[in-house]
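Undergrad: Here's a structure for you.
The values are calculated or read from the model by the stated rules, or taken from the named source; none is laboratory data. Just so you know, these numbers come straight off a predicted model, no measurement behind them. When we count neighbours, we look across all protein chains shown, and the Cβ atoms used for this are built from the backbone with ideal geometry, even at glycine. Remember, those area values only see protein heavy atoms, side chains included, never the ligands or the DNA or RNA. Shrake-Rupley method; radii C 1.70, N 1.55, O 1.52, S 1.80 Å.
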Amino acid sequence: MNSPCYSVAMDLGVCQLRNFSISFLSSLLGTETSSVKLDNSSSGASVVAIDNKIEQAMDLVKSHLMYAVREEVEVLKEQIKELIERNSQLEQENNLLKNLASPEQLAQFQAQVQNGSPPPPSSTQTPVPPAQLAAQTSGPSA
């Protein structure tokens with residue numbers, strides 16, 4: 001253990017952490033490892049330099065994360081807005097269908113919901129879109 005980087009075994013971790021920090025920061029900041037050197041004779045100054053580089057890298061990461069979070073928040077707000085609109089449309093359609101359904105159909109539907117069974121396929125009836133149903137029933141009544 002006569003490496004110039006450490007004098008006792010415990011300093012090995014510190015030395016490895018410094019080397020990792022330098023190479024990590026160099027890759028983050030786009031500099032070459034050779035341009036960021038650890039001067040063991042002035043370890044106090046190099047620690048300060050490393051701390052400054054770490055702080056710069058952390059600020060860079062923080063700003064990138066904040067930007068990404070802001071973008072995601074905007075996307076989610078838009079999705080929430082679309083879902084609220086879709087929910088409103090479905091509620092209106094549901095109310096319309098409830099108003100147009102006969103009491104027998106409502107009772108049959110409630111029974112199916114309670115049993116958890118899907119409605120039987122109806123080959124004799126063709127489904128009518130709600131807009132057509134509204135137009136058919138909104139005519140003059142006797």
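Undergrad: Could you please put I54, I80 in sequence from largest to smallest accessible area, using a 1.4 Å probe?
TA: I80, I54
Undergrad: Local charge sum around K77 (other residues, Cβ-Cβ under 14 Å, Lys/Arg +1, Asp/Glu -1)?
TA: Counting the neighbours of K77, the net charge comes to -4.
Undergrad: Something else now. In sequence order, what are the phi-derived ³J(HN,Hα) couplings for the stretch 69-79 according to the Karplus relation 6.51 cos²θ - 1.76 cosθ + 1.60 with θ = phi - 60°, rounded to whole Hz, with x for glycine and proline?
TA: With coefficients 6.51, -1.76 and 1.60, one gets 5, 4, 4, 5, 4, 4, 4, 5, 4, 5, 5 Hz.
Undergrad: With θ taken as phi - 60° and the coefficients 6.51, -1.76 and 1.60, list the Karplus ³J(HN,Hα) couplings across the stretch 49-60 in order, rounded to whole Hz; mark glycine and proline as x.
TA: Running phi through 6.51 cos²θ - 1.76 cosθ + 1.60 with θ = phi - 60° gives 5, 5, 4, 5, 5, 5, 4, 4, 5, 5, 5, 5 Hz.
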